[in-house]
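S.K.: Submitted below is the structure of interest, expressed as C-alpha cells.
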Number of protein chains: 2
Amino acid sequence: MSLIVQKFGGSSVADAEGIKRVAKRIVETRKAGNDVVVAVSAMGDTTDELLDLAHEVAPLPEPRELDMLLTAGERISMALLAMAIKSLGYDARSFTGSQAGMITDARHGAARIVDVTPVRLRSAVDEGAIVIVAGFQGFNRDTKDITTLGRGGSDTTAVALAAALEADICEIYTDVDGVFTADPRVVQKARKIDRITSEEMLELAAAGAKVLYIRAVEYARRHGVTLHVRSSFNNNEGTIVYNPAEGETVEEPIIAGVATDMSEAKITVVGVPDIPGKAAYIFKIVAKTNANVDMIVQNVSSAAGLTDISFTVPKSDGQAALTALTNEQSNVGFKSLQYDDQIGKLALVGAGMRTNTGVSAKLFEALYQAGINIEMISTSEIRISVVTRADTLADALRAVHSAFGLDGDEDAVVHAGTGR
Amino acid sequence: MSLIVQKFGGSSVADAEGIKRVAKRIVETRKAGNDVVVAVSAMGDTTDELLDLAHEVAPLPEPRELDMLLTAGERISMALLAMAIKSLGYDARSFTGSQAGMITDARHGAARIVDVTPVRLRSAVDEGAIVIVAGFQGFNRDTKDITTLGRGGSDTTAVALAAALEADICEIYTDVDGVFTADPRVVQKARKIDRITSEEMLELAAAGAKVLYIRAVEYARRHGVTLHVRSSFNNNEGTIVYNPAEGETVEEPIIAGVATDMSEAKITVVGVPDIPGKAAYIFKIVAKTNANVDMIVQNVSSAAGLTDISFTVPKSDGQAALTALTNEQSNVGFKSLQYDDQIGKLALVGAGMRTNTGVSAKLFEALYQAGINIEMISTSEIRISVVTRADTLADALRAVHSAFGLDGDEDAVVHAGTGR
C-alpha cells in the first residue's frame, strides 16, 4: 500500500461543486488501494477577500491577527472537503496546521517550517481515515500562536507532509496539465514536460514559472520528495519532478524549458566611482530594504573612472530601493538613478547545459534573428537569463522556444482554471 | 480597576464598519480605566452561510467537521476586531475557544462547558492587552477536537469567561435597548425593564423572549454573574439581570414581563386508554426523538374510559414526534393523532407571583374581555403560560400587558438591527 500526499489549490476547491469533484478524486485514489493525506488551500479568492476585509478595518493589520484571520480560509475548505468525503462513505478527518504538527518559527506571514510532528495524522491514517490538512498554516511552540507560510504555502505544506510521512509521491493538483516548456498562453506549441529534475524546476520557478513555488521545490529537493504536478480537471499524467540519485547519469535534454517574468524592474546607478567596495556598499543599502535583488550587471568603466551598475528587483520592491539609495547618494557618490519598469526577463533552463557548449551563442543568435535587443545577461550553471524590452518578451519566448527545438507537434491545450 | 466582559453578537459586527464601531466602543471602556475581555460572534450571517455550504457538499455533514467549519466564523471576526483595536493604538490579542481554555464535553454542535482555564487570557490582561475571545466554541480534552456550544453559544462564552475571570459585570451587547416587558414590535407601550432577577429572566427566555439565551442565563445564575443587556448602537443603560443574595428580600413587581412564542405546535393523542402508565409510555416515545416537550395537558376522562393528551413541541420537532407515535399506535392503543401548528403561547412571568394571589384569575379575565379563547394552561412558581390561536396572540399580548399595568408612558423605540 502506497502513501500518497495530494495538494489541491484554491481554484480546484473554489465552490461546492469543486469540493465535491475533489472529494471524488481523493476517494478514487483511496479506492485504488492507497493511503491518502491531502493538503488543501482556501476556497477560490477567500484569502484575498479576507485580506481586503483586514485592510478595511486596519491600515496596517497586526501580523499575528492577520495570520489568525487568514487561517480561517483553509479551516473552511478542509472541513467541507472532509464532510464531502464522509458523505461518499469514506472516513475522513480534517486537521489544522497546529493539529497536524506543522511547527514553524514565529515569523507571521512568512513562517519557515522548523519541524513536522504528524502524530495525529499518522494514527488517523493507521485507522484507515483519509486525512485532510489545512495548507499554508503552522504553529509556533514558543508563542503558542498560529502562523502562515506565505503565498504558495499550501505547496510547501504538502511537500513537508510528504517528507515527514515518507510518502511515495506528492501530487500537486493545479489547473494546468503540468510543467510546460514555456507558458502555453504565449507559445502555442509549448510541450508538457514529462520529467524534470528538481534542480531544473527550481531554476524555472525562480525565473518566473508560476506552476510551482520555489520554497516547495527547494523543500522537495532537500528532503528527496518526488512531485507529480498534474491537473485536477482530468486524469492525464502530468510532470514528474524528481531528484536523481547521487552520481546517477540521466540522459537529459539540453534545455528543459524557458521561463519568462514581467514582474521585475531595472534600477541603474549611474556614475559610480570605480573603486573597490562601492558595489558592495550599494547592495548593502538595497539589502536593508529587504528588496529581492535578482540580476546584477556592471558596465565597463568609462575613461573618467566612473561605472554604471544595473540590477533588477521585483517592481513591488522598487520604490523602497530607490528611496534608500537616494538617501545615501552623497555617501556612495553616484551621479543619478534610473528606474525602468518596462523590462521582461527570459530564462533558458537545462541541466544538459553543463556538458553542452554553445547554448548561449545559440540563444543570442535566435534573439538577434528575431530582432530583439538584449539589455542584461546573467548565467548560472544550468540557466541563462536575458533582459529585453517588456513588449518584445513574447516574441523572444517564441523565437527561443522554436530555436531550441522545444515546439511540440500539436498546440498546447490551455485549461480554463477558475483562478490563481 | 474593574474587569468587564463584553459580548458582541453577529449583527453588531456584520461588516467592516460594524467592527470598527465595536472596536471604538471597546476602547472607550478601556479608556475609562477598565480591563476588558470580549466574546465575539461570527460576522452577520456567516454561520448560516457556512451551514448552507456544508449542506451543499454533504446531506448530513459530519458533526466534528461541521464544528471545525463553523468555528472559522468567529476566527474571522475576532481577528478583525483585534486588528481594528490595535490600529486605534491599544494592545489587543485574539484567542480561539481552545486557546482561551474553554473546555467542553465532546458533544459536537451542542457541547457543554466542563471547565474554563483562562490562563492565557489572564496573563494577556495582566500585560495590559484587551482580550478578544471567539464566542460559541470550545475544545474537548480527550478527543483534542474543536467543539461548538450551539446557537446562542457566544452569550454562554461571555458568561463563562465572566465567571472564570471573576469579572465585575458581563455586558451583553445586542441590537435592542435591553429586556422589555413585552415584544416592542407588538406592544407599542412596552417598557424597558431596568432590573430583573435571573430567575425571572430564565422564565422569560424559556417562554420565548429572544434577547438572551436560556443557557447563558442559567450559567450566570449558577455562577452569580451579573448581566447588563444593552444596545451596541447607543450608550443607554440597558437591563441589569442580577442574582439576589440568599435571603435578600427585594421589592419585586408582581409581573416582570410577558413573553410570546409562535414556534410551537400542539399534538393531541386522541382516545388514550385511561389506565396508569399510558402517559409515561407516550412521553417516553416522544423523548426518544429528542423532541423538546413544553406544555402538557391531559383532559378529563370520557365516560368510555378514554382520555386525550395534548402537548406542545417546537414545530421543527413535530414531524419526528408524530412518526414515532404512529409507529407505536398499536402498543399505546390510542385512536388518532391531531397536529396543530396554528397555536401561540403567552407567558406571564414575575417573582412577585409567589406572594400575590389572583394573578391567574386576572390573566384569564383580561383574555376573556379581549374575546380570546384559552386552549391550554400551565403554571410554574413564577410563571403562567396559556396557549391561544396563533392569530389572536398579538391581541392577547396587548390585552395582558395593559391589564397588568405594564404599559409605559411613551412608545418603545425599536432599533433597526441588521439581523438576528
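S.K.: Can you compute the charge dipole magnitude of the stretch A:174-242 about its Cα centre, using +1 on each Lys and Arg Cβ and -1 on each Asp and Glu Cβ, nothing else charged? Give it in debye, rounded to the nearest 20.
M.R.: So the magnitude is around 60 debye.
S.K.: Turning to a different aspect of this structure: Pick from A:Ala347, A:Ala321, A:Ala14: which residue has the top mean-square fluctuation in a GNM of chain A where Cα pairs under 10 Å get a spring?
M.R.: So, out of A:Ala347, A:Ala321, A:Ala14, the one fluctuating most is A:Ala321.
S.K.: Follow-up question, since we're still on this one. In nm, to one decimal, how far is the A:Glu246 label point from the B:Thr357 one, both placed 7 Å along Cα→Cβ?
M.R.: With each label point 7 Å from Cα toward Cβ, the separation is 10.0 nm.
S.K.: Using every Cα-Cα pair within the stretch A:3-174, state what percent have a distance larger than 19 Å.
M.R.: Value for the stretch A:3-174: 51 percent of Cα pairs lie more than 19 Å apart.
S.K.: Mind giving me the FRET efficiency for B:Ala320 and B:Asp48? R0 is 22 Å, r the Cβ-Cβ distance, nearest 0.05 is fine.
M.R.: E between B:Ala320 and B:Asp48, to the nearest 0.05, is 0.45.
S.K.: Right, something else. Among chain B residues, which Cβ is nearest the axis of the B-onto-A rotation, and at how many Å?
M.R.: B:Ala72, 2
S.K.: What is the angle, in °, between the Cα long axis of helix B:315-327 and the longest principal axis of the Cα atoms in chain B? Nearest 10 is fine, range 0 to 90.
M.R.: 50 degrees
S.K.: Compute the semi-axes of the equivalent ellipsoid of the stretch B:233-314, taking the square root of 5 times each eigenvalue of the Cα gyration tensor, and list them largest first in whole Å.
M.R.: Each semi-axis is √(5λ); the values are 40, 18, 14 Å.
S.K.: Now for a different question. Kindly express, to the nearest 10 degrees and within the range 0 to 90, the angle between helix B:393-403's C-alpha long axis and the longest C-alpha principal axis of chain B.
M.R.: The answer is roughly 80 degrees.
S.K.: So how much slack lies between B:Tyr281 and B:Asn236, counting 0.36 nm per residue of separation and subtracting their Cα-Cα distance, in nm?
M.R.: 11.1 nm
S.K.: Here's a follow-up. If each label sits 7 angstrom from Cα along the C-beta direction, how far apart, in nm, is B:Ala32 from its counterparts in the other copies?
M.R.: Reported distances to equivalent positions: 6.4 nm.
S.K.: Using only the Cα atoms of the stretch B:149-267, what semi-axes does the equivalent ellipsoid have when each is the square root of 5 times a gyration tensor eigenvalue? Give whole Å, largest first.
M.R.: 21, 17, 16
S.K.: In square nanometres, what is the average projected area of the Cα convex hull of chain A?
M.R.: Seen from a random direction, the Cα hull of chain A projects 23.0 nm² on average.
S.K.: Okay, moving on. Direction-averaged shadow area of the convex hull around the Cα atoms of the stretch A:49-126, nm²?
M.R.: With every direction weighted equally, the projected area is 6.2 nm².
S.K.: Along the charge dipole of the stretch B:3-174, pointing to its positive end and built from +1/-1 on Cβ of Lys, Arg, Asp and Glu, which listed residue (B:Leu81, B:Gly97, B:Ala42) has its Cα farthest out?
M.R.: The one lying farthest along the dipole's positive direction is B:Leu81.
S.K.: What lysines sit close enough to B:Lys31 to cross-link, taking a C-alpha to C-alpha distance under 19 Å and skipping anything fewer than 8 places away on the same chain?
M.R.: B:Lys7, B:Lys20, B:Lys86
S.K.: With the cut-off at 46 Å, report for the protein assembly as shown the share of all Cα pairs above it, as a whole percent.
M.R.: Percentage above 46 Å: 41.
S.K.: Quick one: putting +1 on the C-beta of Lys and Arg, -1 on the C-beta of Asp and Glu, what dipole do you get for chain B around its Cα centre, in Debye to the nearest 20?
M.R.: Dipole about the Cα centre, nearest 20: 440 debye.
S.K.: Further question: Taking the convex hull of the Cα atoms, report for the stretch A:246-389 its projected area averaged over all directions, in nm².
M.R.: 10.9 nm²
S.K.: Cα convex hull of the stretch B:221-261: how many Å³ per residue?
M.R.: Taking only Cα atoms, the stretch B:221-261 has a hull volume of 144 Å³ per residue.
S.K.: Which lysines does A:Lys288 reach when only Cα atoms under 25 Å apart count, and residues fewer than 8 places away in its own chain are ignored?
M.R.: Answer for A:Lys288, where 25 Å is the Cα cut-off: A:Lys266, A:Lys278, A:Lys315, A:Lys335, A:Lys345, listed by chain and number.
S.K.: Using r as the Cβ-Cβ distance of B:Arg107 and A:Asp168, and R0 as 51 Å, what FRET efficiency do you calculate, to the nearest 0.05?
M.R.: Efficiency computed from Cβ-Cβ geometry: 0.85.
S.K.: Hey, if you put +1 on the Cβ of every Lys and Arg and -1 on every Asp and Glu Cβ in chain B, which of B:Gly247, B:Met353, B:Thr392 ends up farthest toward the positive end of that dipole?
M.R.: Checked the options; the winner is B:Gly247.
S.K.: Anyone know which of A:Ala32, A:Ala280, A:Ala129 comes out most mobile in the 10 Å Cα GNM of chain A?
M.R.: Judging by the Gaussian network model, the answer is A:Ala280.
S.K.: List the distances, in nm to one decimal, from the label point of A:Thr326 to the label points of the same position in every other copy, shortest first, placing each label point 7 Å from Cα along the Cα-to-Cβ direction.
M.R.: Its label point is 8.0 nm from the equivalent points in the other copies.
S.K.: Also, I was wondering about something else. Placing unit charges on C-beta atoms (Lys and Arg positive, Asp and Glu negative, everything else neutral), compute the dipole magnitude of the protein assembly as shown about its Cα centre in debye, rounded to 20.
M.R.: For the protein assembly as shown, the charge dipole is close to 580 debye.
All of the numbers you see were taken from the coordinates with simple rules; none came from a lab. If you're wondering where the values come from, they're calculated on a predicted model, not measured in any experiment. All Cβ positions, glycine included, derive from the backbone under ideal geometry; neighbour counts span all protein chains shown.
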